[in-house]
Each structure stands twice: as C-alpha cells, then as structure tokens.
Amino acid sequence: MKLQQLSETDSLTGIFNRRKFIEQLDKRFQKYKRYNRPTALVIFDIDYFKQINDDFGHSVGDDVLCRLTRDCASQLREVDSLYRIGGEEFAVILPETDAKDGCRQAERMRQVSEQLRVDPGGAAGKVSISAGVSELIDMDVSIEDVMRQADTALYEAKGEGRNRVVVSC
C-alpha cells in the first residue's frame, strides 16, 4: 500500500502525479463511453514560473507550488482530483461536470492563484495561472483527444496574455 501511494503521489506537493492522472482520466473516459456522463478536464500552469525560480530561487518556487496546490485543492469538491503532471503544470478531473461548469471551477482557481504572493525578503511578486478547459465528447477516441483539447485551450490562454481561462470549442 505504501509503495503504491509513493508511485502515485508527487513528492513535493503531496498531490497525485501524472501516472495517477493518466490512470484516472482513462477510467473516466471509459465511464463516459459507457454511460455518457459529463466529465471536464482543466489543465493549467503557473504563468512565468521560470522567472520566479530565476529571480527568487528554487526553494521559493517549490513553496509557490505547494501553496498553489493547497489553495487550488481547497476550491475542489470531494469527487474532483488535482494532479501535478509536469514541473509547474497541473490537471483537474471534474466528474459530472460539463465544460461550462469546468470553466467556472477553473476561474475560481485562477482567482485564488492571484491571492498568492512571492515575498522573500519583502520583494513581493504576484502569482497567476493560465488554464485550458475541455469536456469529454462523443468524437473523442482516446484520452489524448481530450488532453489535446485542454492543452490547445491552455496555449490559447497564454497567447491571449496569460492569467485567464479558455474553454476548448
């Protein structure tokens, strides 16, 4: 049991990792295909995270990751799941949620992120996130399809100036 937990958990933030994300998204995909129940996916990352690490150091960057994780998790329902899928990239699986409600959830997390401050030695800086939202749809053949849609929306959010949520169409 302990070994399984270690293999599914991000050691820094304590949330689920990419491996667990792929497993759980695949399970939701199979349920969607069988029962046609809505599931939304949010993929987000921290805007200009490299700059935080460069300006303030990796320990401050790690602290930002942990605080953001905690604050975003506090906005989720018990059935929702938050995952760290890359350095500063995260995903949220929202069962029984369509894209419109997924957008609302992502917007809540975006607003929470704006409350975070990077403040080592009084050199305050703001934190923000950009997010892409997608929903499982009948045309999806695999989980890669829904992930690609959320990723495309994320990059659109970045292209539009960051610190925003974009829903895949």
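The values are calculated or read from the model by the stated rules, or taken from the named source; none is laboratory data. Predicted, not measured: the structure shown is a model, and the values here were computed from it. Cβ atoms come from the backbone with ideal geometry, glycine included; neighbour counts cover every protein chain shown.
Brief remarks follow.
- Unmet requirement for Phe90, which otherwise passes all of (1) part of a strand (DSSP E or B); (2) over 18 Å from Lys158 (Cα atoms); (3) among the hydrophobic types (A, V, I, L, M, F, W, C): (2)
- In region 131-152, residue nearest to Val92 (Cα to Cα) [restricted to those that are aliphatic (A, V, I, L, M) and surrounded by fewer than 16 Cβ atoms within 10 Å (Cβ to Cβ)]: Ile137
- Screening Gln75 against (1) in contact with a strand residue (DSSP E or B) (Cβ under 6 Å, 6 or more places away or on another chain); (2) free of Cβ contacts under 8 Å to residues at least 60 places away in the same chain leaves a single unmet condition, (1).
- Checking each residue in region 18-45 for being assigned to a helix (DSSP H, G or I), over 16 Å from the mean Cα position of the chain (by Cα) and surrounded by 17 or more Cβ atoms within 10 Å (Cβ to Cβ) picks out Arg28, Phe29, Tyr32.
- Tally, over region 109-128, of residues that are assigned to a loop (DSSP other than H, G, I, E, B) and more than 15 Å from Asn163 (Cα to Cα): 3
- Filter result for Glu96 (at pLDDT 95 or above, more than 12 Å from the chain's Cα centre (by Cα) and crowded, with 19+ Cβ neighbours inside 10 Å): no
- Those residues of region 100-125 which are aliphatic (A, V, I, L, M), in contact with a Cys (Cβ under 9 Å, 6 or more places away or on another chain) and crowded, with 22+ Cβ neighbours inside 10 Å, in sequence order: Met109
- Residue pairs meeting the criteria (Cβ under 9 Å; at least 6 apart or on separate chains; first assigned to a strand (DSSP E or B), in region 46-62; second among the polar types (S, T, N, Q)): Ile46/Ser113; Ile46/Ser128; Ile46/Ser130
- When the residues of region 1-17 are filtered to those that are touching a residue at least 24 places away in the same chain (Cβ under 8 Å), of a type outside the set (Phe, Trp, Tyr) and crowded, with 16+ Cβ neighbours inside 10 Å, the one that is nearest to Asp62 (Cα to Cα) is Thr13.
- From Ala131, Ala157, Ala106, residue being of a type in the set (A, V, I, L, M, F, W, C), part of a strand (DSSP E or B) and closer than 29 Å to Ser59 by Cβ: Ala131
- Residue pairs meeting the criteria (Cβ under 6 Å; at least 6 apart or on separate chains; first at pLDDT 95 or above, in region 142-154; second part of a loop (DSSP other than H, G, I, E, B)): Val146/Leu136; Val146/Asp140; Gln149/Ser168; Ala153/Ser168
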